[in-house]
Amino acid sequence: MSAPSFRFARRFRTANLLAQAVLVLALLGGLNYLAIHHGWRHDLTQNRRHSLSPETHSYLRDLRAPVKIVVTLTDSGDDEQVNQAYRDVSALLREYTEATAGNRANRVTVEYLDVYRQRREAEAYGITQPNVILVISGDERRVVGLDELYKIEGREKKGFLGEQAFTAAILDVTSPEKKKLYFLTGHGEMQLLDVDPARGLSALNDELLIRNFALDELDLTKVPRVPDDAALVIVAAPQGRLDPREEELLRQYLTNRAGRVIVMLSPGYPHGLDNLFYDWGVLADDTFIFDRSRLGQNDSGDLILMPALTENPVVKFLAENRIALRFGATRSLRVDPGRPLDPSLEVTPLAGTSPEAWAERNYRQPSPEFNEGVDLKGPLPVALASERSAARGNLPFSVRGGRLVAFGGADWAANGRLASGGNLSLMLGAINWLVDRDTLVTIAPRPIETYQLTLSQGSLARLRYSLLFILPGIAAALGLIVHWTRRS
């Protein structure tokens, strides 16, 4: 048998190489197909930092509509806090898109926008400022603020709350019903569509609409009871007294139906809510607060108030970060010392004045001065949260009842002051607490781990010499050994 020709051998070798190439491409294609359609991941980190909780997975499996998350954070700016938030958020949102990748109809998608370079796209979403995270589903939308992303203690980040914030926002925009907030009318209250800087609430109206709340007005003289769909009733600076029937309707709503109410009172105006306040442990003094100290008053004469150090979520973020509040005309609110002896009632101060402030009772005199034994000496509370829990039979737990938040001023929420200091955070914190948005999900925060390497001068010198001489010396020795081996 004759030996194969060189031409045949060359063709056989070429065919062999082509077959190997086809097999390699088929292997890579098969691996990519499996990774895309049948991939699996396993989180090996100690605290499962790259995994969503089982609770979030259960919500995403039953997602009712597609969700888009628009992120305007970047990691290319000078603000390291924003850069870190971008890295944390982008890593977390990859988990959401991965978890819903198999659900083609209802899935979570993420879009990153630069509001300065992509103005048209940003305006289409109604975004005018950077560092905004917008969660959208259909016509519903919810803003997730940077202050919702981290648990802060002592001005230091202790935990990442991104999963809790995003899961709550997704549930909110995909739920069939919005939380409905009613603003009381009929007594000269502040109006939602009023653009006046001193008494208008149009800025607050816009903030609430973008957070997926439904807003309406309520005149208690025209209805037999507070509507059943009311998640919250807001009484914003009435300039006339509520009649006893209206007060009774609010009392029944709070007590019998576990209702939620915000009352903002302006000093100098009767309100007609004394019996309701007594039931909920609140004493609204007919006073006017003055504070002429440097720390308690700004250049325009507004009161500078500080949030109370409390675990109540209304002001917890503000207190931990020492964010001041800017109030105009304000009266004092106190925990009523003669309140009913009710173990289920808890009244918590939320914000107060400096020690140099006082609450003037005779505030209509030309030159108010503090009178010992008559006026109230600071520090004085100006905002209170009252909550009642009801026992459920013989069970070892209680069921939350009504909630009331009362403020001794109202113009802090108006257009001219809402964006000042922590005013907007205070209002949103109160609303979220009252409508239970702060407890929508109970996902634990992810711990933020920090590592610090501490070296002495001697250790630094040894490290320097190792990098300069030892490592290059080892490489040179290996090279000499290889060279010697080849020569021999």
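Residue exposure proxy: Y112, Y96, Y59, ordered by other Cβ atoms within 10 angstrom of their Cβ from fewest to most, comes out as Y112, Y59, Y96. Computed about the Cα centre, the dipole magnitude for the stretch 54-173 is approximately 340 debye when only Lys and Arg (+1) and Asp and Glu (-1) carry charge, each at its Cβ. For the chain, the longest principal axis of the C-alpha atoms and the axis of helix 6-38 are separated by about 20°. Which percent, nearest 5, of DSSP beta bridges in the chain are antiparallel? Once the DSSP bridges in the chain are tallied, antiparallel ones form about 65 percent. When you count the other C-beta atoms within 10 angstrom of each residue and take the mean per peptide, 428-435, 319-326 line up highest first as 428-435, 319-326. Computed from backbone phi with θ = phi - 60° and the Karplus coefficients 6.51, -1.76 and 1.60, the 3J(HN,Hα) list for the stretch 160-175 is 9, 9, x, 5, 4, 5, 6, 5, 5, 5, 5, 5, 5, 6, 9, 6 Hz; x is used for glycine and proline. What the Cβ-Cβ distance of L345 and L468 gives, at R0 = 45 Å and to the nearest 0.05, is a FRET efficiency of 0.05. In the stretch 255-322, taking the dipole from charged Cβ atoms about the Cα centre, the farthest positive-side position among P307, G281, M264 is held by P307.
Candidate cross-link partners of K158 among the aspartates and glutamates, defined by an alpha-carbon separation under 20 Å and a same-chain spacing of 8 or more, comprise D79, E80, D88, D147, E148, E311, E320, D438, E449.
Amide hydrogen proximity for R141: with H placed 1.01 Å from N in the peptide plane, the residues at 5 or more positions away or on another chain lying under 5 Å are N212. With each run of n ≥ 4 DSSP H residues scored as -39500 (n - 2.57), what mean residue ellipticity at 222 nm is computed for the chain after dividing by its residue count and rounding to the nearest 500 deg cm²/dmol? Rounded to the nearest 500, it is -9500 deg cm²/dmol. Look at the alpha carbon pairs under 8 Å that are at least 6 residues apart: their mean separation over the length of the chain gives a relative contact order of 13 percent.
Taking the alpha-carbon distance from K178 and a cut-off under 30 Å, which lysines remain once sequence neighbours fewer than 8 residues away in the same chain are dropped? Answer for K178, where 30 Å is the Cα cut-off: K68, K151, K222, K316, listed by chain and number.
Bridges between two residues of the stretch 178-439, per DSSP, are antiparallel at a rate of about 60%. A simple packing score, the average count of other Cβ atoms within 10 Å per residue, orders the peptides 168-174, 284-290 as 168-174, 284-290, with the highest score first. Between the amide H of E217 and those of F183, distances stay under 5 Å, these residues lying 5 or more places away or on another chain, with hydrogens modeled in the peptide plane.
Oblate is the label for the stretch 258-379, because the ratio a/c of its alpha-carbon gyration tensor axes (a ≥ b ≥ c) is 1.5 or higher and a/b is not greater than b/c.
Rounded, prolate or oblate, given the Cα gyration tensor of the stretch 178-439, with a/c below 1.5 counting as rounded?
Verdict is rounded for the stretch 178-439.
Each Lys and Arg contributes +1 and each Asp and Glu -1, all at the Cβ; summed about the Cα centre of the chain, the dipole is approximately 3360 debye. Listed peptides 70-78, 292-300, 402-410 appear in the order 402-410, 70-78, 292-300 once ranked by packing, highest mean of other Cβ atoms within 10 Å at the front.
The shape of the stretch 99-189 comes out rounded: with a ≥ b ≥ c from the C-alpha gyration tensor, a/c is under 1.5. The Cα center of the stretch 123-158 and the Cα center of the stretch 331-366 differ in position by 34 Å. The structure shown yields mean projected area of the Cα convex hull in nm², and of the options [x] 22.1; [y] 48.3; [z] 42.2 that calculated value carries the label [z].
For the stretch 213-284, the relative contact order works out to 35 percent when only alpha carbon pairs closer than 8 Å and six or more residues apart are counted.
Throughout, read-outs are computed from the coordinates displayed, never taken from laboratory work. Since the structure is predicted, the reported quantities are computational estimates derived from the model, not experimental observations. Ideal geometry is used to build each Cβ from the backbone, glycine not excepted, and the neighbour counts take in all protein chains shown.
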